Amino acid sequence: MARPMYSWTKRWWVALEWIEDVLIEGRRLGAETEVYVTTGKSVTAEVRKGSIDRVSGAHGTGLGVRVILEGRIGASSTNDPHLWHRCLDAAIAAANVATSQPWEGLPGPGAKDGPPLSADSRVVPESSETVRLVTEMMKGAAEYPVAVTSGSATMAEGRTMLANTSGAWYEVPHTVVSLSLETICGQSPGYEFGQSVGPDIDPVAIGKKAASLAYRSQDGSEIPTGDYDVVLSPIASSQLLGAVLLPALSGRNVHAGRSPLAGSMGISVADPAFSLVDDPHLPRGLGSTWWDAEGTPTRRIPFISEGILTHFAYDRKTAFRYGAVSTGSAVRSGPGGAPAIGFHNIVVSGPGGDLQEGTVVCAHDLIGAHTANPMSGDLSVELANPFLIRDGNPAQPVRKAMLSGNVFSMIRDIAAFGDDIRQIGGTYLPSIRFKRQHIVGI
Amino acid sequence: MGDATKYYDIRHVKGQNTTIDVDNGHVESAGTSFFDLAVIRVLGPRGWGILTVDNFSSAGKDQTGVYLAEAEAHALATEQDVALADPARALLKVPPWGEDIRNMDLLEKVQLLSEIEGRARLPSVVNTRATYTERLEEVRFTDSSGTEFSYETCRSGYSVLAVASREGMMQMGYERCHSIGGHSLRHQGDVGEKAGTRAVQLLDAKPVKGGRMRVVLDPQLAGVFAHEAVGHASEGDLIHEGSSVLAGRTGDVIGSPLVTIVDDPTLHEFGFEPLDAEGSAVFRTEIIRQGVLSAFLHNRETLLSVGHGVGGHSRAMAGDLPLVRMSNTFIESGDATYEEVLAACHDGVLLKGSRGGQVDTGRGVFQFNAEYGYLIKDGEQGPMVRNVSLSGEILQTLHAISLVGDDLAMHAGYCGKGGQTVPVSDGAPHVLLDEAVVGGIGMD
């Protein structure tokens, strides 16, 4: 039987008593003050050219300080907590040159502080375990005649702590196990990865998938330029949405004039089959949390419901400025600086259907998704591991295919969703079949 | 030094980072953060054991010994025999500062940046945003053979974005100016106006019709081509792993004889390095010489395992592991004038500016996106087009270069690899490709 997940007491090694001192000093200087601390350690084993050549450990602490002085917001960070005085002074200097805005205060202690949602006590970063995971991935890859070029296994545990002068004081542990493997067969590469809060991740399956993609993608044929139904894997679909759709849902981008969805609240922006929610309380979600990066209680936010746009994402700063309510969407990518609008666990769903009926071009990944135009939604990307499937016959590898389209149009033209929902970073989604997309082949 | 340690090095970087963000005239943030990070590498009986720690400034001799022992313990878990080439050792002088921006008041920087941002606010422009970054780094490198180097760098610059909107259509214009040695914010208003003008012009541009055609790349985009398509594929670690189409091809003709592509960390451009991240001296490397693949980019390990080239191409972000990276990468000038390049193209598309790119080095396929373009008709620049991108196979595309201009220009940018982002510059003259795959959704 698995050990209970929540046995965290007395496991941590960093003394945090100075946090109280930062808050006292901030208050003395007349500033609302917020302290955000991360501590963590990790171990990574890396494979190159078929064997493990490097094992790395990391330990670190990060301190972020944010102050608010009469609606002027300033922030600073350091990874030396002994320097908190310098960091607080820099945050106040930053506030002094910022533009003042309406501000209704940092949140008090109101969020549910339930059991950790994104941690598993079985994750203990040790080199022997990461070496085992890499070795297992290579075993999986060995089922096909391919070469392993590179890969890694990381186990990380950390703790996030948030306190402010309004009395909020939260602490939570988090863990993550990340695996990835790259293989090649001739000139045909294959890549697969997996991430989880715990060790419930199958390294052999990841190795096997990376190898099978490389093996099956060899000797691709050219396909004529034209319009095809396109099936994008969860990896490829998440890249598409992350590059264009998610930034357009940020309240800051909406009010600043950088979101093409700004005037679309309450109306259809996607196929009636398409729904997109942020579910911060998903058990074992990589982004799951009871409170956001500034201490606002989190809740489930349906951003797009059956094609209708129903919410934009707000942190406190943006909400106070534009008369909206925070959706608990503040995130920090690390201790540096201030929080920003983001998402916790995006879940994309829709009714299932036949992904392989008729003629379809499938892709496992996209090359160059970050070059999409986030304002217009236009993109042209190369498909990685593309296959052509005709009438349910075995998939035929394609040598080269470029997808030219528009993300906002693509989500209006969805033919079906797969039943293969998986977690890609902070996004949960299945394969998606898009109708009639332009593919440049030969 | 532990019994199992054959070699160790410590790269300690501390400094501060100042950023300013002005959005629609509102100073969103303007502040300074501090960092102090070290990477300790131990080469054990077989491979590397590595430890990343913060606040290394306060680590005394005893604590450093503890860190080295922890890194050594990691090294004992490896299985691959790693050997290192002997490096050349030299530290280049960091270029002098234009204006010492460290002494400029934060408020003055905010005001100067706001001026640039304000100039982008033209009719039809619905959003303007300018960001400034200034990063000061003090680097100290030591190793078990007694090597010790230290130097300071300052990289700074700004970017300005304008978004124009009309009847539901949104387009953007973007300009970026970064340099080493302190980039001045003074008298830069024209750059803001350029971003605003481009965004407005793009509202009237038509999408290009995708397909195979003749294209001209401007110096910025041709520089991205040199970086994405050739530079990455020549990185020694990818060659060593077997994930580059250029592996085993040195001495082969892989492109047109007009093409010479160089990576040069000694140039005083944004990718300048006075010393590489393994304490090796840096050198100019000609990757392709007149169409022939001549050399790869190396660190100490890949120089020995792969060969063909020189070391000194190892780079790292503060607190991250050294990786084989590009620095300042460019296509050398040819002798054609810009007008001759357009005339030789006759009918096609001129692609300008860059929204970035990506390459799959194993498959040899790259993709990148221009910010905008112009149709070329009868050898002359025609109407503006939008959403132009280019993809291709590295080897085919290098052979397709049929004319190289005489107007080399470098552009600063950032390059991502292995989760690390480092400052680089790319450059080229105007370049004509006889056939390329252009992406676009336009109709006839």
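The values are calculated or read from the model by the stated rules, or taken from the named source; none is laboratory data. Keep in mind it's a predicted model, so treat the numbers as computed, not measured. Quick reminder, even Gly has a Cβ in these numbers, built from the backbone with ideal geometry, and neighbours come from all protein chains shown.
Brief remarks follow.
- For beta carbons closer than 6 Å, sequence separation of 6+ or different chains, a first residue in segment A:281-294 that is surrounded by fewer than 22 Cβ atoms within 10 Å (Cβ to Cβ) and a second that is part of a strand (DSSP E or B) and not aliphatic (A, V, I, L, M), there are no qualifying pairs.
- For segment B:13-24, the set of residues classified as touching a Ser or Thr at 6+ places or on another chain (Cβ under 7 Å) and either surrounded by fewer than 23 Cβ atoms within 10 Å (Cβ to Cβ) or free of Cβ contacts under 8 Å to residues at least 60 places away in the same chain (or both) consists of B:Lys14, B:Gln16, B:Asn17, B:Thr18, B:Thr19, B:Asp21, B:Asn24, listed by residue number.
- A:Leu88 vs. criteria more than 7 Å from chain B (Cβ to nearest Cβ), in a strand (DSSP E or B) and either out of contact with any His (no Cβ under 8 Å at 6 or more places or on another chain) or of a type in the set (Ser, Thr, Tyr) (or both): no
- Matching option when the condition is on the phi < 0 side of the Ramachandran plot, touching a Phe, Trp or Tyr at 6+ places or on another chain (Cβ under 8 Å) and buried (at least 18 other Cβ atoms within 10 Å of the Cβ), among A:Met138, A:Met161: A:Met161
- B:Leu161 meets each of the listed conditions (1) at pLDDT below 95; (2) within 30 Å of B:Thr32 (Cβ to Cβ) apart from (1).
- Restricting attention to segment B:125-174, the residues that are out of contact with any Lys or Arg (no Cβ under 9 Å at 6 or more places or on another chain) and within 14 Å of another protein chain (Cβ to nearest Cβ) total 8.
- Exactly one residue among B:Glu228, B:Glu134 is within 30 Å of B:Pro322 (Cα to Cα), outside the structural domain of B:Leu92 (by TED's automatic domain parsing), of a type in the set (D, E, K, R) and modelled with pLDDT under 95, and that residue is B:Glu228.
- Only one of the numbered conditions (1) assigned to a strand (DSSP E or B); (2) within 30 Å of B:Asn127 (Cα to Cα); (3) over 28 Å from the mean Cα position of the chain (by Cα) is not met by B:Leu107, and that is (1).
- Test: A:Phe387 is surrounded by fewer than 22 Cβ atoms within 10 Å (Cβ to Cβ), more than 28 Å from A:Ala75 (Cα to Cα) and within 12 Å of chain B (Cβ to nearest Cβ): no
- Listed by position, the strands (runs of 3 or more DSSP E) contained in segment B:345-426 that have at least 3 residues being more than 10 Å from chain A (Cβ to nearest Cβ) and at pLDDT 95 or above are B:348-352, B:372-377, B:380-386, B:401-404, B:409-417.
- In segment B:140-162, the residues that are more than 28 Å from B:Ser425 (Cα to Cα) and assigned by TED's automatic domain parsing to the domain that holds B:Gly182 reach residues that are modelled with pLDDT of 95 or more and not in a strand (DSSP E or B) with C-beta atoms within less than 7 angstrom, at least six apart or across chains, in these pairs: B:Asp143/B:Gly279; B:Thr147/B:Arg89; B:Thr147/B:Gly279.
- Selection count, segment A:238-295, where residues are small (Gly, Ala, Ser), farther than 28 Å from A:His174 by Cα and either in the same structural domain as A:Leu106 (by TED's automatic domain parsing) or part of a loop (DSSP other than H, G, I, E, B) (or both): 8
- Restricted to segment B:260-269, and to residues there that are of a type outside the set (Asp, Glu) and either free of Cβ contacts under 8 Å to residues at least 40 places away in the same chain or crowded, with 24+ Cβ neighbours inside 10 Å (or both), the residue that is nearest to B:Leu398 (Cα to Cα) is B:Ile261.
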